[in-house]
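Have a look at the structure below before the remarks.
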């Protein structure tokens, strides 16, 4: 649930209407009183305590209720889940009573963000609340359809039903809401097609239907929404082609249609001047095919665009150089080919460029050296066949995140990376053809957060200088030919970096020592540690018990020999423990029953003995988790002999 959005909506509600709330001590209308009492009776739990104060007949004095003084009719109900300046969220557990429709003078109904409120939206709501202007039922647990009768609310300006479990289709009657300015239906289970009648909503400012199960084609009549500024249909099951009529949305600035099953080509714009205000475009994670049309360069206001994870192909058009406002461009996971056009160098505002997982070939254009604001560059997994990293890349004054994995880079790790204009924070050279040593100057990259040199042919020790990297959180060196001790990754001499590391993968190497260093450096934040498929020997140290944040521990396929240490039972957050193919002996400690979060366990092919402790989670694992230990018995293996 997007709590930040809920907070903003709730705060805006208080600001917009707080100054007009008036109280009266007179008894309110009998129908209104009956409707409010019916609503209260449908709620079993109210953690805010507001409903407990609803006593007597002067309902205009009740918290959250606003009346019109002259008639003492209830015009506003404000009971949102966020009720104070700190945006503390409360709950109302119970059913939304249909008696709410008895408040026939209601103009604003705000029950948004009450996560325990269930039931259905009353089907007659639109017929009985003719004055309703704002309906906020977002962030609840409502089910059933959007009532057709909502289309009979002539004054409705805002309809927020997002983040529920509403099903059925979008009623075509919503197209009759001439005053509707905001339509939010996302994060539901709505199905069917988008009705043609929505094209009549010419005053609509925001249309947001993402995270539903909408299916079908987008109607051509949607082009009638001349005032539409935001259209969000993301995270649905929308199919069919994107209609070319979307080019008529002259005021559109935000267009989100990602995470659907849309197909066909990108149809917009067709000529200069169309969609001239479009600033944010998301079409990723669909089935779109064909090329990026050269007319794409007419989207002169575009700031962020994501076309990732589609079936797009062909060369990147040189007209992309016309997108002078572009700051973020995501093209990964397609089949683009050819070379990066030289015109990319004209995008002086570009901060993020991701072209990974395509068929782009080298060489990289020298013109990219003009991208002085570029912070993140991801060219990974393209057949660039870079014999070396271009010198100009290290001269980019803002570049701090460099991803050049799987690009055919050969030889040693290039020394030019120690002299970049901007301090490197993330460096990924994995899946290349690098050989030789990990240079000691790596330790001088003082702001390094992520280092991934995995899947190369590096054959050195881990340099001691790595212990100087106080901000290092992710260290991935797996699948190389590294030797010596693992101490360099988290040894006792490692200053403060032990507190930063959260992910260490040294698997599939030839490390032979250093297990005794685990935990000694105080790596209390490590969540993932993989030392599998090495030549490690010795016993597990008691300092292992200091890894109290660890979720995954893999020491399999080594030569470790000892009893299973009791300190493992302190790692109560463990979800994955793999110790197979070692020489562990003795019994499985009863304390393993404390590892309640364990989802994957493999102790096979050791020399363990005795009875497997009876109880969860140990008895939930298959026999294969314990096989190859001739002395083990008990569920799920054969019963122990008396």
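The values are calculated or read from the model by the stated rules, or taken from the named source; none is laboratory data. All values derive from a computational prediction rather than experimental measurement. Neighbour counts are summed over all protein chains in view; Cβ atoms, including those assigned to glycine, are modelled from backbone coordinates with ideal geometry.
Somewhere in segment 570-577, is a residue in contact with a strand residue (DSSP E or B) (Cβ under 6 Å, 6 or more places away or on another chain) and surrounded by fewer than 18 Cβ atoms within 10 Å (Cβ to Cβ)? Steps first, please.
Initially, segment 570-577 is screened for residues in contact with a strand residue (DSSP E or B) (Cβ under 6 Å, 6 or more places away or on another chain), giving 576-577.
After this cut, where a residue has to be surrounded by fewer than 18 Cβ atoms within 10 Å (Cβ to Cβ) as well, the list is 576.
Yes: segment 570-577 contains one or more residues that are in contact with a strand residue (DSSP E or B) (Cβ under 6 Å, 6 or more places away or on another chain) and surrounded by fewer than 18 Cβ atoms within 10 Å (Cβ to Cβ).
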Exercise. Mind listing whichever residues of segment 594-606 are surrounded by fewer than 18 Cβ atoms within 10 Å (Cβ to Cβ) and closer than 22 Å to residue 536 by Cβ?
Key: 600
Practice problem: Kindly list the number of the only condition in (1) buried (at least 23 other Cβ atoms within 10 Å of the Cβ); (2) at pLDDT below 75 that fails for residue 188. | Solution: (2)
Quiz item: So is residue 632 at pLDDT 95 or above and assigned to a strand (DSSP E or B) or not?
Solution: yes
Quiz item: Name the residues in segment 22-41 that are within 19 Å of residue 104 (Cβ to Cβ), out of contact with any helix residue (DSSP H, G or I) (no Cβ under 7 Å at 6 or more places or on another chain) and modelled with pLDDT of 95 or more, would you?
Solution: 37
Exercise. Output yes when any residue across segment 525-534 is in contact (Cβ under 8 Å) with a residue 40 or more places away in the chain, assigned to a strand (DSSP E or B), within 13 Å of residue 504 (Cβ to Cβ) and out of contact with any helix residue (DSSP H, G or I) (no Cβ under 8 Å at 6 or more places or on another chain), and no when none is.
Key: yes
Quiz prompt | Failed criterion for residue 146 (all others in (1) closer than 13 Å to residue 177 by Cβ; (2) without any contact (Cβ under 8 Å) to a residue 40 or more places away in the chain hold) | solution = (2)
Quiz item: Which residue out of 534, 605, 587 is more than 25 Å from residue 488 (Cα to Cα) and in contact with a strand residue (DSSP E or B) (Cβ under 8 Å, 6 or more places away or on another chain)?
Solution: 587
Quiz item: How about segment 578-594: which of its residues are outside any helix (DSSP H, G or I) and touching a helix residue (DSSP H, G or I) at 6+ places or on another chain (Cβ under 7 Å)?
Solution: 589
Quiz item: For segment 108-122, which residues satisfy the criterion of being modelled with pLDDT of 95 or more, assigned to a loop (DSSP other than H, G, I, E, B) and surrounded by fewer than 19 Cβ atoms within 10 Å (Cβ to Cβ)?
Solution: 119
Practice problem: Would you please name the residue that is nearest to residue 474 (Cα to Cα), looking only at residues in segment 516-543 that are modelled with pLDDT under 90 and crowded, with 21+ Cβ neighbours inside 10 Å? | Solution: 523
Exercise. Find the strands (runs of 3 or more DSSP E) located wholly in segment 330-446 whose residues include 1 or more that are in contact with a helix residue (DSSP H, G or I) (Cβ under 6 Å, 6 or more places away or on another chain) and touching a residue at least 60 places away in the same chain (Cβ under 8 Å), and list them.
Key: none
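Please go through segment 41-60 and give me each residue that is in a helix (DSSP H, G or I) and surrounded by fewer than 18 Cβ atoms within 10 Å (Cβ to Cβ), ordered by number.
Step one: filter segment 41-60 for residues in a helix (DSSP H, G or I), giving 41, 51-53, 59-60.
Hits for segment 41-60 are 41, 52, 53.
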Practice problem: Taking residue 310 as meeting all but one of (1) farther than 25 Å from residue 237 by Cβ; (2) touching a strand residue (DSSP E or B) at 6+ places or on another chain (Cβ under 6 Å), write down the number of the exception. | Solution: (1)
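Go through the residues of segment 127-136 one by one and say whether even a single one is under 17 Å from residue 40 (Cβ atoms), touching a residue at least 12 places away in the same chain (Cβ under 8 Å), touching a helix residue (DSSP H, G or I) at 6+ places or on another chain (Cβ under 7 Å) and not in a strand (DSSP E or B). Give the steps one after another, and end with the answer.
Kept after step one, since they are under 17 Å from residue 40 (Cβ atoms), are these residues of segment 127-136: none.
No, segment 127-136 has no match at all.
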Quiz item: Do the conditions hold for residue 549, that is, is it surrounded by fewer than 20 Cβ atoms within 10 Å (Cβ to Cβ) and outside any strand (DSSP E or B)?
Solution: yes
Quiz item: How many residues does segment 61-72 hold that are in contact (Cβ under 8 Å) with a residue 40 or more places away in the chain, assigned to a loop (DSSP other than H, G, I, E, B) and buried (at least 17 other Cβ atoms within 10 Å of the Cβ)?
Solution: 1
Practice problem: Output the residues belonging to segment 470-500 that are at pLDDT below 90 and buried (at least 20 other Cβ atoms within 10 Å of the Cβ). | Solution: 487, 488, 489, 490, 491, 494, 497, 498
Self-check item: Within segment 595-619, considering residues that are in a strand (DSSP E or B) and more than 23 Å from residue 641 (Cα to Cα), the one farthest from the chain's Cα centre (by Cα)
Solution: 602
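Among the residues of segment 269-284, is any assigned to a helix (DSSP H, G or I), in contact (Cβ under 8 Å) with a residue 12 or more places away in the chain and either within 23 Å of the chain's Cα centre (by Cα) or crowded, with 17+ Cβ neighbours inside 10 Å (or both)?
Within segment 269-284 (the criterion being assigned to a helix (DSSP H, G or I), in contact (Cβ under 8 Å) with a residue 12 or more places away in the chain and either within 23 Å of the chain's Cα centre (by Cα) or crowded, with 17+ Cβ neighbours inside 10 Å (or both)), the answer is no, since none of the residues qualifies.
Any residue at all in segment 95-103 that's modelled with pLDDT under 95 and either over 21 Å from residue 135 (Cα atoms) or buried (at least 19 other Cβ atoms within 10 Å of the Cβ) (or both)? Spell out how you get there, then give the answer.
Quick first cut of segment 95-103, residues modelled with pLDDT under 95 only: none.
Among the residues of segment 95-103, not one is modelled with pLDDT under 95 and either over 21 Å from residue 135 (Cα atoms) or buried (at least 19 other Cβ atoms within 10 Å of the Cβ) (or both), which makes the answer no.
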Quiz prompt | Filtered residues of segment 297-329 (kept if farther than 22 Å from residue 364 by Cα, buried (at least 20 other Cβ atoms within 10 Å of the Cβ) and in contact with a helix residue (DSSP H, G or I) (Cβ under 9 Å, 6 or more places away or on another chain)) | solution = 298, 299, 302
Quiz item: Of the numbered conditions (1) exposed (fewer than 12 other Cβ atoms within 10 Å of the Cβ); (2) assigned to a helix (DSSP H, G or I); (3) at pLDDT below 65, residue 86 satisfies every one except a single condition; which is it?
Solution: (2)
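How many of the residues making up segment 137-157 are in a strand (DSSP E or B) and either buried (at least 20 other Cβ atoms within 10 Å of the Cβ) or at pLDDT 95 or above (or both)?
0
Here are some residues: 623, 634, 591. Which one is under 38 Å from the mean Cα position of the chain (by Cα), over 24 Å from residue 549 (Cα atoms), without any contact (Cβ under 8 Å) to a residue 60 or more places away in the chain and surrounded by fewer than 18 Cβ atoms within 10 Å (Cβ to Cβ)? Write out each step before concluding.
Working: 634 fails: under 38 Å from the mean Cα position of the chain (by Cα); 591 fails: over 24 Å from residue 549 (Cα atoms).
Matching residue, one of 623, 634, 591: 623.
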Quiz item: In segment 395-424, which residue that is touching a strand residue (DSSP E or B) at 6+ places or on another chain (Cβ under 6 Å) and surrounded by fewer than 18 Cβ atoms within 10 Å (Cβ to Cβ) is farthest from residue 489 (Cα to Cα)?
Solution: 410
